[in-house]
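Written below as structure tokens is the structure these notes are about.
Any read-out appearing in this document is the output of simple, stated calculations on the displayed coordinates, not a laboratory observation. Source: prediction; values computed, not measured. Note that each Cβ is placed from the backbone with ideal geometry, even for glycine, and that neighbours are counted across all protein chains shown.
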Amino acid sequence: MSLKIQINEDLKNAMKEGDKIKLETIRSLRALILEFEKSGAAREMTPEDELKLLTSAAKKRKESIEQFKNAGRMELVEKESAELKIIEAYLPKQLTPDEIFEEIKKIALEVGAKAKEDFPKIMPVAAKNLKGKADGKVIKELVEKLLSGN
């Protein structure tokens, strides 16, 4: 089932349930899908496009949570966290840091990365292989950890 169809179904269900946060979040995702369709891409939304759209929406929520925490706005942190949880339900299962580290080790062996200077060799491959399954910031930190020998 495409993301658009899933979003429309979930939107109907959220309206019936009267869940304001879920309804608001799903509407924002639907707006992103409509924006893509009207962008002039002249093609159907691919699974890669869907993943990019969802990861972008999740990243915005994570950044907002961080900003609101710094400002001491806990009510907004709770709202953004609830929205993030809803968005993450549409994303592929996220890997644990240990699983990510194991994948990075495999990639390092494949590309022959051993030292900090090899960061440009391993990072693009790791980012591509783990796209949608792990946060880019976590991937970067774990690649640096592996290459520094910790």
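Post the alpha-carbon centroid distance, the range 122-150 to the range 52-81, in whole angstrom.
22 Å
Pulled fully out, how much extra length does the chain show between residue 109 and residue 73, if you take 0.36 nm times their separation in residues and subtract their Cα-Cα distance? Intermediate values should be presented prior to the final figure.
Details: separation 36, 0.36 × 36 = 12.96 nm, distance 4.46 nm.
My answer for the length gained is 8.5 nm.
Once the Cα atoms of helix 3-17 and of the chain are each reduced to a long axis, what angle between those two axes, in degrees from 0 to 90 to the nearest 10, is obtained?
50 degrees
Round to the nearest 0.05 the FRET efficiency obtained for residue 34 and residue 125 when R0 = 41 Å and r is the Cβ-Cβ distance.
0.75
Expected output is a single nm value to one decimal: the length gained when fully extending between residue 85 and residue 59, i.e. 0.36 nm times separation in residues minus the C-alpha distance. What is it?
Working: separation 26, 0.36 × 26 = 9.36 nm, distance 1.18 nm.
Length difference between fully extended and current span is 8.2 nm.
Using alpha carbons only, how many degrees (0 to 90, rounded to 10) separate the axis of helix 74-88 from the longest principal axis of the chain?
So the helix axis and the longest Cα principal axis differ by about 80 degrees.
Among 2, 39, 64, what is the fewest-to-most ranking by other Cβ atoms within 10 Å?
Final ranking by Cβ density, sparse to dense: 39, 2, 64.
Report the trypsin sites (Lys or Arg not before Pro) located in the range 44-87 that are in a DSSP loop and have at most 16 other Cβ atoms inside 10 Å of their Cβ, or state none.
Within the range 44-87, the qualifying trypsin sites (Lys or Arg not before Pro) (loop, at most 16 other Cβ atoms within 10 Å) are 73.
To test your reading of the geometry: what angle, between 0 and 90 degrees and rounded to tens, separates the Cα axis of helix 136-148 from the longest principal axis of the chain?
10 degrees
Between residue 116 and residue 5, 0.36 nm times their residue separation minus their Cα-Cα distance comes to what?
Here the answer is 35.5 nm.
Once all Cα-Cα distances of the range 2-150 are split into 5 Å bins that start at 0, what whole-number percent is in each one?
1, 9, 16, 16, 15, 14, 12, 9, 5, 2, 1, 0
Where a ≥ b ≥ c are the square roots of the eigenvalues of the C-alpha gyration tensor, would you call the range 3-88 rounded, which needs a/c under 1.5, or, failing that, prolate if a/b is larger than b/c, or oblate? Provide the component values of the computation, followed by the final result.
On the way: a/c = 2.75, a/b = 1.44, b/c = 1.91.
The shape class here is oblate.
Would you kindly compute the Cα radius of gyration of the range 97-148 and its largest Cα-Cα separation (Dmax), both in Å?
Considering the range 97-148 through its Cα atoms, Rg and Dmax are 9.4, 26 Å.
Taking only C-alpha pairs under 8 Å that are 6+ residues apart, what is the relative contact order of the chain in percent?
19 percent
Can you give the FRET efficiency for residue 138 and residue 48, using 1/(1 + (r/R0)^6), R0 = 22 Å, r = Cβ-Cβ distance, to the nearest 0.05?
Working: r = 21 Å, r/R0 = 0.93.
About 0.60, to the nearest 0.05.
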